[in-house]
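Everything below concerns the one structure shown next.
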Amino acid sequence: MILVTGVTGAVGREVARLLAAAGPVRALARRPERVPVTERAVDVVQGDYDDRDSLDRALRGVRAAFLVTNSPTEPHDARFATAAREAGVRHLVKLSMAAVAEPDADDLLVRVQRRNEQAIRESGPAWTLLRARTFMSNTLRWAGTIRSEGVVRALYGTSPVACVDPRDIAEVAVRVLTEPGHEGKAYSLSGPEGISAAEQTAQLSEVLGRPLRFEELTREQARAELLRRHPEPVAEAFLRSAERQRAGAKAHVLPTVPALTGRAARPFRAWARDHADAFA
């Protein structure tokens, strides 16, 4: 049995869906009613990283697990890894971030993920790390202003990032979970091109068949917007990450997705076409 966490997110739900095509899979969710995966082979169980009893129940009989965490303060990776080791899980596959491997990256979220990776590596079971660049699905945060105003607003809109389709991350994860030879490895994943927010806006405009306008945010405007959604330390981490993007640190295209899947990574235009309804 394989356990998938993060199934309400863009990557976890796709991992569960792909695994379900080959047989039964278990999905851990704090709120099972919010899980969008409908395949009958997916057994959704209620659980929380802060509830050891629920982790023990979810991990019973599991041989491998896909781990997604997002808390900047709680040691959820360490808690899950301890429970997994004691349950006899043999392989942990962790979704991490590409910046972990980049020496010039040192914001709060990067430091947290470095500690999380260390907890996984030291936990006992075999491990594989998937270090993903920015998700293409992050552009869904523009959907509201696209629908209401025909506008995309972002910071440093001409700086490119080699963003990656969550479906490509999921396909890599499934291969790593089901094929031998990936233990003890860390894979950094990107999309096939560096693309800026302004260029993404233009491509969304073409896909939707309606004019869209890009508006550059000032740093203070971006900070105010982030503070409406995140605590100040997390907002500052995102701003520091944006400065690295402005400097070109996120534009590098990596060959990992084609090497592991045998096909080209999906471009942003393909992701936008397949998710056009979200912006319509």
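Derivation of every value follows stated rules applied to the coordinates shown; laboratory data play no part. None of these values were measured; they are calculated from a predicted model. Heads up, the Cβs are rebuilt from the backbone with ideal geometry, glycines too, and the neighbour counts pull from every protein chain shown.
The angle separating the long axis of helix 10-20 from the principal Cα axis of greatest extent in the chain is about 40 degrees.
The stretch 159-209 and the stretch 37-72 have Cα centres spaced 24 Å apart.
Label-to-label distance for Q118 and L140 is 3.3 nm, based on points extended 7 Å past Cα in the beta-carbon direction.
Going from the fewest other Cβ atoms within 10 Å to the most, the residues W271, W142 appear in the order W142, W271.
Shape call for the stretch 185-280 from the C-alpha gyration tensor, a ≥ b ≥ c root eigenvalues: rounded (a/c under 1.5), prolate (a/b greater than b/c) or oblate? It is oblate, given that a/c is not under 1.5 and a/b is not larger than b/c.
For the chain, the longest principal axis of the Cα atoms and the long axis of helix 76-87 meet at an angle of about 30 degrees. Students often get this wrong, so try it: which of [x] 52, 41, 34; [y] 58, 55, 35; [z] 53, 37, 36 is Cα extents along the principal axes in Å as calculated from the structure shown? The value matching this structure is [z]. Seen against the Cα atoms of the chain and their longest principal axis, helix 197-208 is set at about 90 degrees.
Only Lys, Arg, Asp and Glu carry charge here, each on its Cβ (+1 for the first two, -1 for the last two); on that basis the chain has a dipole of about 340 debye about its Cα centre.
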